[in-house]
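Asks: Please find one structure pasted underneath; my questions will follow.
The values are calculated or read from the model by the stated rules, or taken from the named source; none is laboratory data. Source: prediction; values computed, not measured. Here the Cβ positions follow ideal geometry from the backbone for every residue, glycine too, while neighbour counts run over all protein chains shown. To get the accessible areas, we keep the full protein, side chains included, count just its heavy atoms, and leave off ligands, DNA and RNA. Shrake-Rupley method; radii C 1.70, N 1.55, O 1.52, S 1.80 Å.
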Amino acid sequence: MAAIQKTLAQAIRGRRATPSFDGAPIPASDLRQILDAGLHAPSGYNLQPWRFIVVQGEEQKRRLRAASYNQAKVEEASAVIVACGDRDGWRKDLPEMLRLGRANGMPESYAEQAEDSVTAYLSSFSEDQMTGWLNKMTMLAFTSMMLMAEVLGYDTAPMEGFEQDKVCETLKLPMSYWVVALLGVGHLKGPDKFDGGRFDMSHTVFGEEYGKPLK
Ligand SMILES: Cc1cc2nc3c(=O)[nH]c(=O)nc-3n(C[C@H](O)[C@H](O)[C@H](O)COP(=O)(O)O)c2cc1C
């Protein structure tokens, strides 16, 4: 286990979208710790529809950069975690989710009900609904990875600036995959990005109903 460098509170407040990385390789054990944090995120029915492609090779990072509007940090990052959702994941994984759950104490009544309701719920989704669902689930895992990387002393860069088709082609992704976001991980090179600040809580948080201030 890599040493903890920051508390979670420090990581949350001190994190910046890193503008440039030094490209030094990440120890495999640190990378696994970061990935593992994401894989422990919650997901609807525990279906874990996320999939991650970890890009570290110089040539592949160059190709990925070309698919990401030539953003230099894609190539400079020590590793780029390409976070995807699998539109067909739930169909294939439902039996395994139930098997795992049962092995870990899932009540039989819950398992039986989940089997029916997952199928009814997700098979009714339009393409847009499925994309929204995959984005929602995958970003939870993505965020856990990002914060774990920061806690371990790495710098991170979340990215949505990429071309879906080009990333799919570069990574040879199955047709059912949807690319959600890229996470650059490494160490900052040069000056950090400015802290853009955040809206006041009164602008984005309400109490009890929309428009009422939180007491
Ligand atoms: C999902 C997501 C996608 C982003 N995509 C990009 C990107 O493609 N390129 C980039 O330079 N910054 C990108 N950013 C970084 C944001 O611009 C940055 O997070 C925001 O300005 C706030 O700055 P901070 O993260 O340093 O607090 C992205 C951030 C998020 C959360």
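Asks: Return only the number of the condition from (1) under 17 Å from Gln10 (Cα atoms); (2) in contact with a Pro (Cβ under 9 Å, 6 or more places away or on another chain) that Leu183 does not satisfy.
Replies: Just one mismatch for Leu183, condition (1).
Asks: Which ranges mark the helices (runs of 4 or more DSSP H) fully within region 109-215 that have 3 or more residues being within 12 Å of the chain's Cα centre (by Cα) and hydroxyl-bearing (Ser, Thr, Tyr)? Working first, answer last.
Replies: Values: elements: 127-151, 164-171, 201-204.
Counting at least 3 such residues, we get 127-151.
Asks: Which ones in region 56-108 are under 19 Å from the mean Cα position of the chain (by Cα), away from the ligand (no atom under 15 Å from the Cβ) and not in a helix (DSSP H, G or I)?
Replies: Gln56, Ser78, Ala79, Asp86, Arg87, Asp88
Asks: Here is a follow-up. Could you check how many residues of region 191-215 are within 14 Å of the ligand (Cβ to nearest atom) and of a type in the set (Gly, Ala, Ser)?
Replies: If we filter region 191-215 for residues that are within 14 Å of the ligand (Cβ to nearest atom), which is where we start, we get 191-199.
Cutting the leftovers down to of a type in the set (Gly, Ala, Ser) gives us 196-197.
Count: 2.
Asks: Further question: Got a number for residues in region 21-36 being of a type outside the set (D, E, K, R) and either modelled with pLDDT under 95 or open to solvent by 20 Å² or more (accessible area, probe 1.4 Å) (or both)?
Replies: Initial filter on region 21-36 (of a type outside the set (D, E, K, R)): 21, 23-29, 31, 33-35.
Okay, now just the ones that are also either modelled with pLDDT under 95 or open to solvent by 20 Å² or more (accessible area, probe 1.4 Å) (or both), so 23-25, 27-29, 33, 35.
Count: 8.
Asks: Sticking with this structure for a sec: Please go through region 144-163 and pick out each residue that is within 20 Å of Tyr177 (Cβ to Cβ) and within 9 Å of the ligand (Cβ to nearest atom).
Replies: Result: Pro158, Met159, Glu160, Gly161, Phe162.
Asks: Can I ask one more? Please give the number of the condition Thr131 fails out of (1) farther than 24 Å from Gln5 by Cα; (2) away from the ligand (no atom under 16 Å from the Cβ); (3) surrounded by 15 or more Cβ atoms within 10 Å (Cβ to Cβ); (4) not acidic (Asp, Glu).
Replies: (2)
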